[in-house]
Amino acid sequence: MENGDRAAVLVARDVTRRYGDGDTAVDALRGVSVDVPAGELTAVMGPSGSGKSTLMHILAGLDRPSTGLVTVAGKEITDLGDSELTKLRREHIGFVFQFFNLLPMLNAEENIVLPLTIAGVKPDRAWLDELIGSVGLGDRLHHRPSELSGGQQQRVAIARALVSRPSVVFADEPTGNLDSRTGGEILELLRQAVEEMGQTVVMVTHEARASAIADRVLFLADGIIVRELSGASAPEIGAAMEAISSE
Amino acid sequence: MIRFSLKGMAGRKLRTALTALAVILGVTMVSGTFVLTDSIDRAFDAIFSSVYVGTDATITGKSAFEISNGSGTTAPPFQESLRPEVAALPDVADAIGGVAGDAQLIGRDGKSIVFGGAPNLGFSVDPTRPDFNTLTLEKGAWPGRGEVVVDVSTASRKKLDVGQEIGVQAEGPVVQFRISGLVKFGSVDTIGGATLAGFDLPTAQALFRKVGKLDQIRVAGKPGVSRAQLVREIRAILPPGTQVRTGTEQAAEDAKATNEFISFLRYFLLAFGVIALFVGAFVIFNSLSITIAQRTRELATLRTLGASRRQVRFSVIVESLVMGTIASILGLFLGLALATGLFRLFDAVGFTLPNSGLVFSTRTIVVSLLLGIIVTLIASILPAFKATRVPPIAAVREGVTIAPGRFARFRTPIAAVITILGFAGLFWGLFGPDLDTTKILLFMILGMVLVFIGVAMLSAPLIPGLTGILGWPGARFGGAAGALARDNAGRNPQRTASTAAALMIGLALVTLVATLAGSVVQTFTGAVNEIFVGDYAITARNNFSPIPTDAAAAAAQAPGVLAVGSVRTGQTLVFGKPDFSTAVDPGVGAVINLDWVSGSNAVLAELGKDGAFVDKEFAKKHDLEVGSPVEVTFVNGNTGTFVIKGIFDPPSGGSPFGVVTISAAAWDAENPSPKNVYSFVLMRGGETEANAAVLGQALAPFPNAKVATREQFVENQISGLKSILNVLYVLLALSIVVSLFGIINTLVLSVFERTREIGMLRAIGMTRSQTRWMIRHESVITSLIGAIIGIILGVILAGLLILKIDLIDFSFPTLQVIVFAVAAVLVGVLAAIFPARRAAKLNPLEALHYE
Ligand SMILES: Nc1ncnc2c1ncn2[C@@H]1O[C@H](COP(=O)(O)OP(=O)(O)OP(=O)(O)O)[C@@H](O)[C@H]1O
Ligand SMILES: [Mg+2]
């Protein structure tokens, strides 16, 4: 799990998460430790209900582990209060959602700069232009989300996640709501963010094709990491998934 | 962040507009009230000061004590001989005497001319000094002997003109006059729909029974003489029972009664504006709460993008602030339209208010805007805090509910405490020791507000049960749509409770008023039937103006009349306090029956010159028994000592008698132009058509007098109350309209929220009309819940008030309650029209794709 030449921006140690209590309790995570190195794309795979989303929520500070520790950019986040978590999100975390989660009353550009607006920071025009150029939205900037296609909406969402240059971008099934061609373009963009901007990305997916762009793939089953692949191709990942599911 | 809030509102135009309506209506009422009353105020000020423009000083009669305005009692006139004495003073240039009184105009058809309940004013005018006259001549000439001038508005409405004949009745029978000219009151056509009549001084003195007397002398000083000096000079020679003022002071004095009326009108109307705003607060609160719940994912997304709780709270508050401000500004200007409309309305019902242009003062702007904005802000505080509890994880996970607040588990205890505090406030206001009126009102209002809030909160746990019961008929006979409607109404108790609460307030107030009125009527009818044992009553046509005593005298002469008993009333000073006293003539012994504690009914006819009777309470309070002396001071300053001859126990509905009742003979000696409020008649043969005709014949010379059977008399006396009641209903309807918008809003939001669900129902075969039926039924259940809680609360509140006022016995207004419940169903149906149409229009396919 250690990656020698890069420092980990995201560390989880023995994380467990139990929902509910008593007879109906569900152990979504049963002791997960992860190190996410900076500037890499890490994919999390696993069968439905294996705890992928739960892990991602905990890593992103949206949810708290039942036991265990999580640090983001060297800071332990498991015991942070609401205002410290807010600060953490502003500085270190970006999100790309399955359902885009754009604000319908804002146009594409306003949606993109929203994290900066919220933080009260003036956007750097040059950076913004570069970002917009790289996600390929040049002519749709003043359209509302309802006037954009799903792929375009997800491009806006990716730009929004990158605009504040966060330490980690989390993406839960970013292609889950898109057809395969558009999905491919979105994956391309995420890969590009890692390569060209040195962005760290954690992506949850259950498509082998999506995981193939990752530097590293973690396989979850029943709340524990059962396997890990680096630089694997889609068929290799597919085979691994197959093996895990049939266990 | 502010821009974000604004864009958010723009994106939710419909619900923002519906929510804003709740504020707009209340603010319109507040602003309209200010504009209306300020405008009337200014117009009256102009009138009264114009009346005294050329007058440096006035001399008027002075009553022995402060007479309350509108009591009908006037200061006694003084001797006419004062005028030449004043005129002879070195600094006086001119002194003109005048008298005034009630002068009823009688049309060619023999009927008296009245517009609504407006007064009929009569004045003397002096053709030589038109600048001293209250009336200004518009057409024709000032009146001479046998002539009258009347106001232009009466003339135009009744098609009167110079040269025609008209009857006038003051203290005696009708006298015919020739119209010599048409006049205005100062600069306006008329005030409050009053009829105006002007005569020359000797004619007026004869009509008003003030021969050799004057009510007022207007004085003009010689050039260069200061008003203060003039007043000082006059004061030195004034006999007792008179007073002198400068013209300006007199104008202010004359304006006092109208000013009091205007300020009463102002607070009265304002109260309904504030009630509407209070109801509006519930509507805003509810709409915002629902909107926040529906925006959970959006708010959570903001949180994941780094928005702090404060920013989320701020965005909700900014949104309400902007909406409140826009709504208040709209309401402010709609108030101008409302004031114009009210002027027209008053005019249409014969109560013409002077209007010299709308007055739009800074106070109107500030108070209206502040009220509207503050109410909106207060209503948005809880929803704003609710918004901060939206967890960021709701951005990614379906079905995350907003965590209940820190105090949520104390909700019911808090509601109970608020309700109890509210009732405690009410009790303290009603029964607390030694509270002045302001404190009583304050405690009662505060108490009611708390009770409404507390009950609204408490009703949430009752909602599932209530929807079950009220939804039963629909579910039983309406099939699946009915059952769904019932479940929908019950599935979000908090929401249904606060939607219903808005209607609950309006209905509680309407029920309160209806119960009070019903109880008053019931008790009053009982009292009249107990006291009044005659066959007929004689009153003024408007049922309350006093009528000349000659009318009763004429009735007594009619064949078959066995007895006529009359009651006079006026202000007196008894035990150092100004209070109403009454006087009766000997005839009342035969037409009125009292329950005597000491003495007997014979006392009524045997009061003589110095006899008096009082009621039990008054006797107890002042330690009086038969034989005790009572001192009564009259308006003319004379004090008489009367001996108690009887003590009676009034029925719970009260009696027609004041604190002390003496004989009419003793009364007439001390009161200028005495008049009867009612006369009762006992006739051979009782109530028959022939007897009624005979009495009518005898009263023919008094067109303003009216004969009524006992039943009609009760009906007539109550009719005033009924018109007041109708006004109250209309004004309270405003708050019901506000709650109607609240229901519409909730339904629209619910339909919006259930788009997928309704689409699914449509897809599996629900028809459009079933969909409409479902929404409508849900709406009716909600409004019936509001109605039931409101009616119960209204009856309880009325019961408390009646407990305080021991003159009234409680009576349950069954008929009204049924009407209100039906009205609530109508409100529900009405509210559902638009949302139901929206729901039915949903295309099943699109609705399923809706995200
Ligand atoms: N709020 C919750 N309350 C109770 N159980 C939950 C909750 N959220 C998740 N779970 C349970 O935790 C387990 C892991 O859920 P999680 O959403 O992490 O799975 P996942 O791997 O993301 O699945 P999918 O591929 O279907 O999205 C599941 O068994 C799920 O039922
Ligand atoms: Mg998942």
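The values are calculated or read from the model by the stated rules, or taken from the named source; none is laboratory data. Note that the structure is predicted; figures quoted are calculated from it, not measured. Cβ coordinates were reconstructed from backbone atoms using ideal geometry, including for glycine residues, and neighbour counts include every protein chain displayed.
How about the range A:13-34: which of its residues are within 8 Å of ligand 1 (Cβ to nearest atom) and of a type in the set (Ser, Thr, Tyr)?
Within the range A:13-34, just A:Tyr19 meets the criteria.
Restricted to the range B:385-430, and to residues that are in contact with a Phe, Trp or Tyr (Cβ under 8 Å, 6 or more places away or on another chain) and under 30 Å from A:Met56 (Cβ atoms), which residue is farthest from the other protein chains (Cβ to nearest Cβ)?
Looking at the filtered set, the residue picked out is B:Gly405.
Filter the range A:60-77 down to the residues that are within 14 Å of another protein chain (Cβ to nearest Cβ) and within 15 Å of ligand 1 (Cβ to nearest atom), then identify the one that is nearest to A:Ile213 (Cα to Cα).
The selected residue is A:Ala60.
When you check A:Val226 against the structure, is it within 14 Å of chain B (Cβ to nearest Cβ) and either within 16 Å of ligand 2 (Cβ to nearest atom) or not in a helix (DSSP H, G or I) (or both), yes or no? Let's see the steps before the verdict.
Working: within 14 Å of chain B (Cβ to nearest Cβ): no; either within 16 Å of ligand 2 (Cβ to nearest atom) or not in a helix (DSSP H, G or I) (or both): yes.
Considered against the rule, which asks whether it is within 14 Å of chain B (Cβ to nearest Cβ) and either within 16 Å of ligand 2 (Cβ to nearest atom) or not in a helix (DSSP H, G or I) (or both), A:Val226 comes out as no.
Please count how many residues of the range A:185-216 are within 16 Å of ligand 2 (Cβ to nearest atom) and away from chain B (no Cβ under 14 Å). Let's see the steps before the verdict.
Let us first name the residues in the range A:185-216 that are within 16 Å of ligand 2 (Cβ to nearest atom), namely A:202-207, A:210-211.
This time we only want the ones that are away from chain B (no Cβ under 14 Å), so: A:205-207, A:210-211.
Total meeting the criteria: 5.
Could you count how many residues in the range A:22-45 are part of a strand (DSSP E or B) and without any contact (Cβ under 8 Å) to a residue 24 or more places away in the chain?
Going residue by residue through the range A:22-45, those that are part of a strand (DSSP E or B) are A:26-37, A:41-45.
With without any contact (Cβ under 8 Å) to a residue 24 or more places away in the chain added as a condition, the list becomes A:26.
Final tally of qualifying residues: 1.
Take B:Gly637 and decide whether it is within 15 Å of B:Ala665 (Cβ to Cβ) and over 32 Å from the mean Cα position of the chain (by Cα). Steps first, answer last, please.
Details: within 15 Å of B:Ala665 (Cβ to Cβ): no; over 32 Å from the mean Cα position of the chain (by Cα): yes.
For B:Gly637, the condition - within 15 Å of B:Ala665 (Cβ to Cβ) and over 32 Å from the mean Cα position of the chain (by Cα) - is not met.
Would you check if A:Thr182 is without any contact (Cβ under 8 Å) to a residue 60 or more places away in the chain and within 16 Å of ligand 2 (Cβ to nearest atom)? Break it down stepwise before answering.
On the way: without any contact (Cβ under 8 Å) to a residue 60 or more places away in the chain: yes; within 16 Å of ligand 2 (Cβ to nearest atom): no.
No, not satisfied.
Looking at the range B:288-302, is at least one residue within 14 Å of chain A (Cβ to nearest Cβ), modelled with pLDDT of 90 or more and touching a strand residue (DSSP E or B) at 6+ places or on another chain (Cβ under 9 Å)?
yes
B:Pro119 fails exactly one of the following numbered conditions: (1) surrounded by 20 or more Cβ atoms within 10 Å (Cβ to Cβ); (2) under 30 Å from the mean Cα position of the chain (by Cα). What is the number of that condition?
It fails just one condition, (1).
What pairs can you find where one residue is in the range B:1-27 and within 11 Å of another protein chain (Cβ to nearest Cβ), the other is modelled with pLDDT of 90 or more and surrounded by 16 or more Cβ atoms within 10 Å (Cβ to Cβ), and their Cβ atoms are less than 6 Å apart, with a gap of 6+ or different chains?
Matching pairs, first to second residue: B:Met1/B:Gln311; B:Met1/B:Ser315; B:Ile2/B:Val318; B:Ser5/B:Ser315; B:Ser5/B:Val318; B:Ser5/B:Glu319; B:Met9/B:Glu319.
Check A:Arg160 against each of (1) modelled with pLDDT of 90 or more; (2) touching a Lys or Arg at 6+ places or on another chain (Cβ under 9 Å); (3) within 13 Å of chain B (Cβ to nearest Cβ) and name the one condition it does not meet.
(2)
Let me spell it out: the conditions are (1) out of contact with any Ser or Thr (no Cβ under 6 Å at 6 or more places or on another chain); (2) part of a strand (DSSP E or B); (3) under 26 Å from B:Ala558 (Cβ atoms), and B:Ala665 meets all of them except one. Which number is the exception?
Single failed check for B:Ala665: (2).
Could you tell me whether the range B:709-724 includes any residue that is in contact (Cβ under 8 Å) with a residue 40 or more places away in the chain and either part of a strand (DSSP E or B) or at positive phi (or both)?
yes
Looking only at the range B:303-315, filter to residues that are at the interface with chain A (Cβ under 7 Å from one of its Cβ atoms) and of a type outside the set (S, T, N, Q); which one of those is nearest to B:Arg495 (Cα to Cα)? Steps first, please.
The initial filter retains those residues of the range B:303-315 that are at the interface with chain A (Cβ under 7 Å from one of its Cβ atoms), namely B:304-309, B:311.
This time we only want the ones that are of a type outside the set (S, T, N, Q), so: B:305-307, B:309.
Values: B:Leu305: 30, B:Gly306: 30, B:Ala307: 27, B:Arg309: 24 Å.
Result: B:Arg309.
Inside the range A:195-209, can you point out the residues that are away from ligand 1 (no atom under 16 Å from the Cβ) and either crowded, with 19+ Cβ neighbours inside 10 Å or in a loop (DSSP other than H, G, I, E, B) (or both)?
A:Gly198, A:Gln199, A:Thr200, A:Val201
Pairs, please: C-beta under 7 Å, at least 6 apart or cross-chain, first residue within 24 Å of B:Thr296 (Cβ to Cβ) and touching a residue at least 40 places away in the same chain (Cβ under 8 Å) and in the range B:402-418, second of a type outside the set (A, V, I, L, M, F, W, C) and outside any helix (DSSP H, G or I)?
Sorted first by the residue in the range B:402-418, then by its partner, the pairs are B:Ile402/B:Arg389.
Taking A:Phe100, is it in a strand (DSSP E or B), within 27 Å of B:Ala10 (Cβ to Cβ) and within 10 Å of another protein chain (Cβ to nearest Cβ)?
Values: in a strand (DSSP E or B): no; within 27 Å of B:Ala10 (Cβ to Cβ): yes; within 10 Å of another protein chain (Cβ to nearest Cβ): yes.
For A:Phe100, the condition - in a strand (DSSP E or B), within 27 Å of B:Ala10 (Cβ to Cβ) and within 10 Å of another protein chain (Cβ to nearest Cβ) - is not met.
Scan the range B:442-462 and tell me whether some residue there is farther than 25 Å from B:Leu277 by Cα and at pLDDT 85 or above.
Kept after step one, since they are farther than 25 Å from B:Leu277 by Cα, are these residues of the range B:442-462: B:461-462.
If we keep only those that are at pLDDT 85 or above too, we end up with B:461-462.
Scanning the range B:442-462 turns up at least one residue that is farther than 25 Å from B:Leu277 by Cα and at pLDDT 85 or above.
Here's the yes/no breakdown for (1) outside any helix (DSSP H, G or I); (2) assigned by TED's automatic domain parsing to the domain that holds B:Ala798:
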residue: B:Trp428; (1), (2): no, no
residue: B:Pro433; (1), (2): yes, no
residue: B:Leu446; (1), (2): no, no
residue: B:Val510; (1), (2): no, yes
residue: B:Ser519; (1), (2): no, yes
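If the requirement is being more than 25 Å from B:Arg491 (Cα to Cα) and either part of a helix (DSSP H, G or I) or out of contact with any strand residue (DSSP E or B) (no Cβ under 7 Å at 6 or more places or on another chain) (or both), which of these qualifies: B:Ile402, B:Ile381, B:Ile414, B:Ile420? Write out each step before concluding.
Numbers: B:Ile402 fails: more than 25 Å from B:Arg491 (Cα to Cα); B:Ile381 fails: more than 25 Å from B:Arg491 (Cα to Cα); B:Ile414 fails: more than 25 Å from B:Arg491 (Cα to Cα).
Just a single option satisfies the conditions, and that option is B:Ile420.
Could you run through the range A:35-59 and say how many residues are within 13 Å of chain B (Cβ to nearest Cβ) and near ligand 1 (Cβ under 6 Å from one of its atoms)?
In the first step, residues of the range A:35-59 are kept if they are within 13 Å of chain B (Cβ to nearest Cβ); the result is A:52-59.
Add one more test, that the residue is near ligand 1 (Cβ under 6 Å from one of its atoms), and what stays is A:52-54.
Of the residues in the range A:35-59, 3 are within 13 Å of chain B (Cβ to nearest Cβ) and near ligand 1 (Cβ under 6 Å from one of its atoms).
Output the residue which, of all residues in the range A:43-76 that are hydroxyl-bearing (Ser, Thr, Tyr) and more than 16 Å from ligand 2 (Cβ to nearest atom), is surrounded by the fewest Cβ atoms within 10 Å (Cβ to Cβ).
Residue satisfying both the conditions and the ranking: A:Thr67.
Any idea how many residues of the range A:103-133 are within 26 Å of A:Val70 (Cβ to Cβ) and at the interface with chain B (Cβ under 7 Å from one of its Cβ atoms)?
Residues flagged as within 26 Å of A:Val70 (Cβ to Cβ) and at the interface with chain B (Cβ under 7 Å from one of its Cβ atoms) within the range A:103-133 amount to 4.
Please go through the range B:608-639 and pick out each residue that is under 26 Å from B:Ala75 (Cα atoms) and assigned to a loop (DSSP other than H, G, I, E, B).
Residues satisfying the conditions are B:Gly608, B:Lys609, B:Asp610, B:Phe634, B:Val635, B:Asn636, B:Gly637, B:Asn638.
Since B:Phe427 meets every condition but one in (1) over 23 Å from B:Gln294 (Cα atoms); (2) crowded, with 19+ Cβ neighbours inside 10 Å, which condition does it not meet?
(2)
Go through A:Ile132, A:Ile118 for me and flag whichever is more than 28 Å from B:Arg397 (Cα to Cα) and crowded, with 20+ Cβ neighbours inside 10 Å.
Details: A:Ile118 fails: more than 28 Å from B:Arg397 (Cα to Cα).
So the residue among A:Ile132, A:Ile118 that is more than 28 Å from B:Arg397 (Cα to Cα) and crowded, with 20+ Cβ neighbours inside 10 Å is A:Ile132.
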